[in-house]
1. Check the range 96-116 and report whether any residue there is under 24 Å from residue 246 (Cα atoms) and more than 16 Å from the chain's Cα centre (by Cα).
2. So, residue 33, is that one modelled with pLDDT of 95 or more, part of a helix (DSSP H, G or I) and within 22 Å of residue 124 (Cα to Cα) or not?
3. Out of curiosity, is residue 102 over 23 Å from residue 175 (Cβ atoms), modelled with pLDDT of 95 or more and part of a helix (DSSP H, G or I)?
4. Can you tell me which residue is surrounded by the fewest Cβ atoms within 10 Å (Cβ to Cβ) among those in the range 84-95 that are in contact (Cβ under 8 Å) with a residue 12 or more places away in the chain and farther than 16 Å from residue 244 by Cβ?
5. Check residue 123 against each of (1) surrounded by fewer than 21 Cβ atoms within 10 Å (Cβ to Cβ); (2) within 24 Å of residue 65 (Cα to Cα); (3) at pLDDT 95 or above and name the one condition it does not meet.
6. Which of the residues belonging to the range 39-67 are touching a residue at least 24 places away in the same chain (Cβ under 8 Å) and assigned to a loop (DSSP other than H, G, I, E, B)?
7. Could you check how many residues of the range 35-76 are over 16 Å from residue 15 (Cβ atoms) and surrounded by fewer than 21 Cβ atoms within 10 Å (Cβ to Cβ)?
């Protein structure tokens, strides 16, 4: 354990920083788009349009983190459900999975605390609610089903894209687009989390514990199911990184060079023969 921590602490720090930055972005954009003292609600009274703008902002944040030096180094999970899925797939070693999850929870809490430190009044306003993910008026059962569905689709897409040679480099774009879509369409049902650490960060700072069990179970179970079905149909997972086309070291059980070979072979097959 100590050896792993000493050797891989930069990746753990990256994971904490990624979710911390995501939560800072979530807090600030929620205040900007939803706080009554902000000019945006008066300019854009439609909640649907503001949810769409929130989705674009958070989807863009996720994409930026995946393609940032932080995300390129750690793999850009910043989600315990994602890390545990890749651990179950044999791509993440035991202690790395443990420290990734711990770092993600710490990062989520710190990110919300940073926003609260500077704008606590705005962050705690009922219209902002610490950017918390809470069950919608349809109830907890619907929130659970909604979280399960979006997490299942996300992991299914991530696994298929990240293990398909000619599109693997765009995994972060697919994930970010789904985040934007989910916030626009699914947020009224569960708040759109898919991430236990993301939900816990807001809940811890704002003391908002309603339905917490949903966000600790639905995303994890859904992503595990997606991984099981993917393995049954495809049978191979090359690595646990969202973005692997970089010079940063990989601490996972990595087979990415095999994917590069397949990509090169496909590229050569598409090129016209020369005489």
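The values are calculated or read from the model by the stated rules, or taken from the named source; none is laboratory data. No experiment lies behind these values; they were computed from the predicted model shown. Glycine gets a Cβ as well: all are built from the backbone with ideal geometry, and neighbour counts include every protein chain shown.
1. Yes: one or more hits.
2. yes
3. no
4. It comes out as 90.
5. (1) is the only condition that residue 123 fails.
6. If the condition is that a residue be touching a residue at least 24 places away in the same chain (Cβ under 8 Å) and assigned to a loop (DSSP other than H, G, I, E, B), then no residue fits.
7. Number of matching residues: 22.
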